[in-house]
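*Asks:* The structure is given below, and queries will be raised subsequently.
The values are calculated or read from the model by the stated rules, or taken from the named source; none is laboratory data. For clarity, every value in this text was computed on a predicted model and none was experimentally measured. With ideal geometry, Cβ positions are generated from the backbone for all residues, glycine too; neighbour counts draw on all protein chains shown. Just the protein is used for accessible areas: all its heavy atoms, side chains included, with ligands, DNA and RNA removed. Shrake-Rupley method; radii C 1.70, N 1.55, O 1.52, S 1.80 Å.
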Amino acid sequence: MGRPPGYQWQPLGLDADPVSGNTQDISQQAAHLSSVAQTISGQVAALHKIASDNTEVGQHADKIRAAARSLAGSLQTAATRYANVSTALAGWVPDLEQAQSLSIQALNQAEGPYATLSQAFTPPASATLKPLQMQQDIQNHQNAMQRAQGQLEAAQVVLTRATSLRDTQATYWAAKINQASDDSLTDHESLWGEITSGFDELVGAVAWEIKDVATVLEVLATVAGIAAFIIAQFIPGLDIAVDTLVLGAFLATGVAAGGRAALAASGNGSWRDFAFDAVALVSFGAGRGAG
């Protein structure tokens with residue numbers, strides 16, 4: 001059920017909803033962030049598996065495991081941030097619902113006395129009333145006005161409770177979200193963070209450049225992987241070249257995955273594209289171990 005439009009808040013002396021907000025949208029966003037955190041955590045587990053796999057030995061294997069370990073650490077920080085922000089948003093929902101419920105209670109309490117106070121008192125013609133009766137009617141009207149004024153003031157007290165709850169809890173949960181973002185990631189201080197602060201046109205341009213770079217890196221990684229496979233199978237004695245190609249493909253895919261993650265997080269890309277690169281990272285580690 002929607003909130004009353006602005007003009008309906010006139011009994012409380014307002015022309016707009018004092019506790020606006022769509023709690024359903026907030027809940028959906030919290031669920032989305034939680035889902036993203038779970039997706040990233042799944043990729044972190046895969047990278048940890050690569051980092052702990054000692055089947056392959058050699059300097060190249062150590063570098064691959066180190067790269068996987070480093071990338072896993074960064075992604076885990078991102079997953080934790082998403083999960084914490086999701087929790088904060090979910091916590092804000094019942095507080096906002098309570099504040100909105102109080103504001104509706106205040107509006108319902110105010111409508112009757114507001115209508116009473118809005119009515120003008122028109123006494124009957126003096127010819128039809130005795131002086132004492134007219135005086136009593138005037139007194140009754142004044143008493144009714146006083147009761148209505150008191151009821152309206154009581155409704156204002158309830159509204160104050162609603163807005164105070166709104167402000168107090170909004171500040172509390174906003175601080176929780178800020179704390180969740182205060183981690184080792186530097187995206188909020190980077191060029192990307194500055195761009196996403198409001199320059200939508202520039203964001204779009206940079207987003208396309210990131211997509212292009214990620215695509216080129218993905219193609220190069222694929223070519224390097226195929227070349228490494230061919231050399232390993234048909235040209236013996238070139239293990240160093242094979243290792244170099246595999247490591248290059250792994251690092252290129254890792255950088256592309258980072259770009260895809262940034263695009264997805266900013267709404268300019270898909271988490272599915274990021275997942276493809278993450279799976280490719282796992283494939284490079286597992287495939288090289290099998291080789």
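*Asks:* Between Thr23 and Asn143, what is the label-to-label distance in nm when each label sits 7 Å out along the Cα-to-Cβ direction?
*Replies:* Each label point lies 7 Å from its Cα, and together they span 4.1 nm.
*Asks:* Leaving out ligands, DNA and RNA but keeping every protein chain, what accessible area does Tyr172 have, in Å² rounded to the nearest 10, with a 1.4 Å probe?
*Replies:* Its accessible surface works out to 100 Å², give or take rounding.
*Asks:* Quick one: 3J(HN,Hα) in Hz for region 2-18, Karplus 6.51/-1.76/1.60 with θ = phi - 60°, rounded, Gly and Pro as x.
*Replies:* Rounded to whole hertz, the list is x, 7, x, x, x, 5, 6, 8, 4, x, 9, x, 10, 10, 8, 4, x.
*Asks:* Using the Karplus curve 6.51 cos²θ - 1.76 cosθ + 1.60 with θ = phi - 60°, what ³J(HN,Hα) values do you get for each residue of region 38-48, in whole Hz, with x for Gly and Pro?
*Replies:* 5, 4, 5, 4, x, 6, 4, 4, 5, 5, 4
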